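One structure is given here, and the rest of the page talks about it.
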Amino acid sequence: MSDHDPNCLFCKIISGQIPSRKVYEDDELFAFHDIHPWAPVHFLLVPKRHIPSMAQLTPQDVGLMGRMMVLAPQLAAEAGCNPYPDGGFRMVCNTGTEGGQEVHHLHVHVMGGARPWQRG
Ligand code: AMP
Ligand code: ZN
């Protein structure tokens, strides 16, 4: 699997070829605000490496996925989600067409903020 897919929307966002509102970046991970937010806070957390979905994960990705899980609450708080337990956030990772995935570069939706939300 190549690290970068030149036809992938999120690879283009990560490389800066398509603009986004960046939330976070390090050597492995990138986060940016969703263009059609469901909630007051709604960003996408993605690996920089082009992994199409969770279906392609292997044991060598345990560290990467663990880092995503641990980073999400920190970024959620920085992006304006209210504190647990009255606040909190929702994480969604759509996988495959029947799982509702439209962009085939692994991403976790992180949504939060005061209700009601636009969706979800
Ligand atoms: P999914 O259905 O899980 O594949 O979600 C894809 C998400 O990407 C949707 O919530 C879209 O609103 C979002 N999206 C699509 N294009 C862009 C873009 N250019 N910048 C930010 N978010 C986007
Ligand atoms: Zn990609």
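The values are calculated or read from the model by the stated rules, or taken from the named source; none is laboratory data. Everything numeric here is computed off the predicted structure, so don't read it as measured data. Ideal geometry is used to build each Cβ from the backbone, glycine not excepted, and the neighbour counts take in all protein chains shown. Ligands, DNA and RNA are excluded from the accessible area calculation, which covers all protein heavy atoms including side chains. Shrake-Rupley method; radii C 1.70, N 1.55, O 1.52, S 1.80 Å.
Points to keep in mind about this one:
- Per the Debye calculation on the chain with a single equal scatterer at every Cα and no solvent contribution, log₁₀ I(q)/I(0) for q = 0.12, 0.17, 0.22 Å⁻¹ amounts to -0.42, -0.85, -1.38.
- Think of the chain as having a plus end and a minus end, set by charges on the Cβ of Lys, Arg, Asp and Glu; of 106, 81, 64, 81 sits farthest toward the positive end of this dipole.
- Any cysteine of the chain lacking a neighbouring Cys Cβ under 4.7 Å - listed by number: 81, 93
- Label point distance in nm, residue 54-residue 33, each placed 7 Å from Cα along Cα→Cβ: 2.7 nm
- Size of charge dipole - region 9-119 - debye, nearest 20, with Cβ of Lys, Arg +1 and Asp, Glu -1, no other charges: 200 debye
- Cβ-defined net charge surrounding residue 33, 10 Å radius [Lys, Arg +1; Asp, Glu -1]: +1
- Descending by average beta-carbon neighbour count within 10 Å, the peptides 2-9, 108-115, 24-31, 73-80 line up as 108-115, 73-80, 24-31, 2-9, the highest first.
- Solvent exposure of region 9-119 amounts to 56 Å² per residue of accessible area, where only protein heavy atoms count and the probe is 1.4 Å.
- Debye, to nearest 20: dipole size of region 65-120, +1 on Lys, Arg Cβ, -1 on Asp, Glu Cβ: 60 debye
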